[in-house]
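First comes the structure, then the notes that go with it.
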Amino acid sequence: MTGAEYVQEALAGLDRAAGSGVDPALPLYATTFVVVDLETTGGAPDGGGITEIGAVKVRGGEELGVLATLVNPGEPIPPFITVLTGITQAMLLPAPPIEQVLPSFLEFLTDAVLVAHNAPYDVGFLKAACAKHGYRWPNPRVLDTAALARRVLTRDEVPNRKLGTLAAYFRTATQPTHRALDDAKATVDVLHGLIGRLGGQRVDTVGEAIEFAKAVTPTQRRKRHLADGLPKVPGVYIFRAADDRPLYVGTSGDIATRVRSYFTASEKRARISEMLAAAERVEAVECAHSLEAEVRELRLIAAHAPPYNRRSKYPERQVWLKLTEEAYPRLSIVRDLGATDTAYLGPFRSKQAAELAAAGFHDAVPLRQCTHRLSRRATMPACALAELGRCPAPCEHRITPEEYDHRAATPFRTATTSDPQVVVDALLARIEGLSRAQRYEEAAVIRTRLVAVLRAAVRMQRLAALTGIAELAAARPAARGGWELALVRYGRLAGAGVSPPGVHPRPTINAIRATAETVLPGHGPVPAASAEETERILSWLERPETRLVEVSSGWASPIGGAGRFRALLTKAENGGSHQLSTERS
């Protein structure tokens, strides 16, 4: 790798995906630190330029080891560097090159947190040297004493955060001299002095110290105590205001770790900063496993509509596309399904989505689009659509109710409950004709409507396959042994639990069933839960590792159903209209 290929990272990225093996929850007093200082020729980090390395390994205030060596940079030293450090060209000629020093240094750094004053500079040179000479950078966790001092010490205490200033403030045993080992030893004493100040900030672990050193807001620092005492288990967390009103609801496999992340520099969302300012406490709801946590999150968001949650807040706003019950049925967008409704599609998340699907059916089959109540006996004047050939004009009785049902209503019923082939063929034919005529924008409109129809039909049939089952018990291997268990009734999660490792799950399943929620059957593809909840359950059930334990009735989708058009749907969603053909799926 050449020097031009290396880009120095900002401090915020130095400990990303840390591979040192140091647990961030390790107390500071039990953490091994390697405090490093480099002297260089003063150039950019290009894989060379290091003239001296000094490193001190400490833990609990005790010095464990020292590594110090001059390094031949393979290039002349600028005179001002010699004046600053006292290192001359003659001193470096017999010194080893950096590629011979790196193995010893990387071994010295193993299983430790790297500490440096202005860490991006030192780490940048070390990473560049590793990259240039073929050594894997171990990506240790990095703590910058300069950044930590900016958070801990006020301007009244120290005028700046230079190493010499901090060394004088903490009265270090070794004064910095612009030589690597002396500066590293001075940084050790500065580190210990700063750690002594962290206790008052409720910072006790190495992970907390690293995050504290980053640019967190005053609000995050002031409210970080809200994460204290939370369990490290799967579940739901609720940020509540002073009046106990839910502000934000989230879910995680580790509640404590996830909530702590809101008080770190990685959290940069403006609305979350506003939420933290209003939050006064965090409530944790422990769950058996991730599925129960996701479902409880959805239900809490739907019940309380927290102001800082953006998704899943208003499931009651879903709509349906229904075929009316009359002599000449038409499509109608409704909020709820009646017990007598038999032909419908949905639920759609918005009225606009339902209108798009309705337009697709109107393009494919001769369903009337007017809203009049038509009679089998009396006629009324036809609209412009009839004159344009877009409607069979049932209002003038140009078509019988039986023929209208066969040509217009039946294809809708069939497309929603079983096979949408007729509708798909009609839309593909229109797309192909428009594409041949090079009317690509119009073809793209029809393609969008085809996507809306297929997406809704695939979704509804997938939901209905599960919600028609009175009871289903399933198991999935738990990460720490045993089984995650779920009891589903009519598409709703009625009970959840985890069986212990080495114990047959049957007793746990029986206990879950005995205490599970009673769920009554209802009408439609989502009779007992929101569509989003049932989809979360389906995603969990469809994982390869999930096992069905008991099912009260068959779980199946129509063999000629909308699901067989998934490939076409993906193609229509991702490709242009000219790429579609009248292929039979």
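Remarks
- Added length on full extension, which subtracts the Cα-Cα distance from 0.36 nm per residue, LEU106 to TRP555: 155.9 nm
- Counting only protein heavy atoms and a probe of 1.4 Å, the accessible surface of the chain is 51% carbon and sulfur.
- Calculated FRET efficiency, GLU267 to ALA382, Cβ-Cβ distance, R0 = 56 Å: about 0.35 to the nearest 0.05.
- Cα-only Debye scattering, the chain: base-10 log of I(q)/I(0) at q = 0.10, 0.11, 0.12 Å⁻¹: -0.97, -1.04, -1.12
- Using C-alpha pairs under 8 Å with a sequence gap of at least 6, the mean separation divided by the residue count of region 158-261 gives a relative contact order of 15 percent.
- Rounded, prolate or oblate (a/c below 1.5 giving rounded, otherwise prolate when a/b exceeds b/c) for region 317-385 by Cα gyration tensor: oblate
- Heavy-atom accessible area for ASP183, with the other protein chains in place and a 1.4 Å probe, reaches approximately 10 Å².
- Measuring with a 1.4 angstrom probe and ignoring ligands and nucleic acids, SER530 comes out at about 40 Å² accessible.
- Per-selection Rg to Rh, region 90-197 - Cα, Kirkwood hydrodynamic radius: 1.01
- Relative contact order (percent, whole number), the chain, Cα cutoff 8 Å, 6+ residue spacing: 9 percent
- Averaging Cα coordinates gives a centre for region 386-404 and one for region 217-250; these two points are 62 Å apart.
- Region 215-320: C-alpha gyration tensor shape, a/c 1.5 cut-off, then a/b vs b/c: oblate
- Leading residue at positive end of dipole, the chain (Cβ point charges), from LEU92, VAL423, HIS225: VAL423
- Global form of region 339-458, assessed from the alpha-carbon gyration tensor, a/c cut-off 1.5: oblate
- Cα-based Lys proximity count in the chain, under 18 Å, for pairs eight or more positions apart or on separate chains: 8
- 222 nm mean residue ellipticity, helices alone, for the chain (DSSP H n ≥ 4; -39,500 (n - 2.57); rounded to 500): -11500 deg cm²/dmol
- Å² of accessible area per residue within the chain, as computed with a 1.4 Å probe and no ligands counted: 46 Å²
- Spin-label pair ARG373-LEU538: with each label point 7 Å from Cα along the Cα-Cβ axis, the two points sit 3.6 nm from one another.
- Student exercise, region 274-369 dipole from Lys, Arg, Asp, Glu Cβ charges, in Debye to nearest 20: 300 debye
The values are calculated or read from the model by the stated rules, or taken from the named source; none is laboratory data. The structure presented is a predicted model; accordingly, all values stated were derived computationally and were not measured. We place every Cβ from the backbone using ideal geometry, glycine too, and count neighbours over all the protein chains shown. Just the protein is used for accessible areas: all its heavy atoms, side chains included, with ligands, DNA and RNA removed. Shrake-Rupley method; radii C 1.70, N 1.55, O 1.52, S 1.80 Å.
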